């Protein structure tokens, strides 16, 4: 099932249970899968048209009266375009609004660079009190949505719209603030998010055939980052690679670098969008163009291990 279909179905279930939940779209209900909610809950599923800033302001007002609004749009329109409204009307005012940015990074595919949110994580991480979350598959999305509703504060969720392979078991237990160690290893840590988790697991298989055991962590919540899981892993492996569908500045790489730089410096290598804008293409093509493949991750892992082994005492990287 497509991620947007899972999102809409779970929202439908939650809206039936809780009349405080409201969904607000900016002329993209069909694209984001929430059109059916408008037909079922006409008073709580609204469309404000192509007016994203107004959408955020309306949501802030509804939250002030006790509602739990979800606002949805394509990733750059749900973050970059409405940053001031998010910062002031939602976060500064301490409103419990849930912001959903769909098709982040290269997932925008044929919509091209103007629709590719490659800086949204940096924007949202920098806003005080904002929780930043990206589900890896449909299982995690289903498990997480009730937690989004229950969380008393603003949350930003990156949402891939189309189908994703199931990476987590059906019995998976979700915790907002605990990263998932998907595979253990002692040679290198790979911390990945979103669509790059699948690539990280593929990279682990490549490395395993070369005699390298990689530990793979699904960092689904970027803020607040699960510092303990990251540190526990790098203390064991001595080096780390980050993999993200985002600019290497401001997102997962930056968050991990902040943690290890302060607490336990080790060699760090990164896979991500190299400070450039996106372009038109299909997902698999764009992974190759921007270096977001399992092979790229495996190569960076070997680099990180080589850097670790070149240290004079096997300790901290200069």
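Derivation of every value follows stated rules applied to the coordinates shown; laboratory data play no part. Just so it is clear, the structure is predicted and the values come from calculations on it, not from any experiment. For neighbour counting, all protein chains shown are included, and Cβ atoms are generated from backbone atoms with ideal geometry for every residue, glycine included.
Could you give the angle, 0 to 90 degrees to the nearest 10, between helix 294-310's Cα long axis and the longest principal axis of the Cα atoms of the chain?
So the helix axis and the longest Cα principal axis differ by about 50 degrees.
If I model a spin label as a point 7 Å beyond the Cα along the Cα-Cβ vector, how far apart are those points for residue 162 and residue 5 in nm?
So the two model labels end up 1.4 nm from each other.
I need the Debye-formula profile for the chain: one equal scatterer per C-alpha, no solvent, reported as log10 I(q)/I(0) at q = 0.14 1/Å, two decimals.
-1.02
Once both axes come from the Cα atoms, what is the angle between helix 196-209 and the longest principal axis of the chain, in degrees from 0 to 90, rounded to 10?
For 196-209 against the chain, the angle is about 20 degrees.
Among 171, 263, which comes first, then next, by fewest other beta-carbon atoms within 10 Å?
Values: 171 6, 263 12.
Placing the least packed residue first, the sequence is 171, 263.
Can you tell me the 0 to 90 degree angle between the C-alpha axis of helix 138-150 and the longest principal axis of the chain, rounded to 10?
Computed tilt is about 60 degrees.
Between 108, 31, 59, where does the largest GNM mean-square fluctuation fall for the chain, given springs only between Cα atoms within less than 10 Å?
Result for the chain, Cα springs under 10 Å: 31 fluctuates most.
What full-extension length gain, to one decimal in nm, is calculated for residue 285 and residue 170 as 0.36 nm per residue of separation minus the Cα-Cα distance?
On the way: separation 115, 0.36 × 115 = 41.40 nm, distance 3.07 nm.
Gain on stretching residue 285 to residue 170: 38.3 nm.
At a 10 Å Cβ-Cβ cut-off, how would you order 137, 232, 84, fewest neighbours first? Can you show the working numbers first?
Values: 137 22, 232 16, 84 10.
Starting with the residue having the fewest Cβ neighbours, the order is 84, 232, 137.
Specify whether the C-alpha gyration tensor of segment 3-159 places it in the rounded, prolate or oblate class, a ≥ b ≥ c being the square roots of the eigenvalues: rounded for a/c under 1.5, otherwise prolate if a/b is larger than b/c and oblate if not. Provide the component values of the computation, followed by the final result.
Numbers: a/c = 1.31, a/b = 1.10, b/c = 1.19.
Rounded, because the longest to shortest axis ratio a/c is under 1.5.
Determine the gain in length on full extension of the stretch residue 277-residue 177; use 0.36 nm per residue of separation and subtract their C-alpha separation, reporting nm with one decimal. Each step should come with its number before you reach the end.
Numbers: separation 100, 0.36 × 100 = 36.00 nm, distance 3.03 nm.
Value of the extension gain: 33.0 nm.
What percent antiparallel are the DSSP beta bridges of the chain, to the nearest 5? Don't skip to the answer; put the middle values down first.
Numbers: 6 of 41 bridges.
Of all bridge pairs located within the chain, approximately 15 percent are antiparallel.
Taking the beta-carbon count within 10 Å as an exposure proxy, list 95, 302, 158 from fewest neighbours to most.
Details: 95 21, 302 18, 158 30.
In increasing order of surrounding Cβ atoms, one gets 302, 95, 158.
Would you mind calculating the gained length between residue 213 and residue 93 on full extension (0.36 nm times residue separation, minus the Cα-Cα distance), in nm to one decimal?
Working: separation 120, 0.36 × 120 = 43.20 nm, distance 4.65 nm.
The span from residue 213 to residue 93 would gain 38.5 nm if fully extended.
With runs of 4+ DSSP H residues as the only contributors, calculate the mean residue ellipticity of the chain at 222 nm using -39,500 (n - 2.57) per run, divided by the residue total and rounded to the nearest 500.
My calculation for the chain gives -11500 deg cm²/dmol from helical runs alone.
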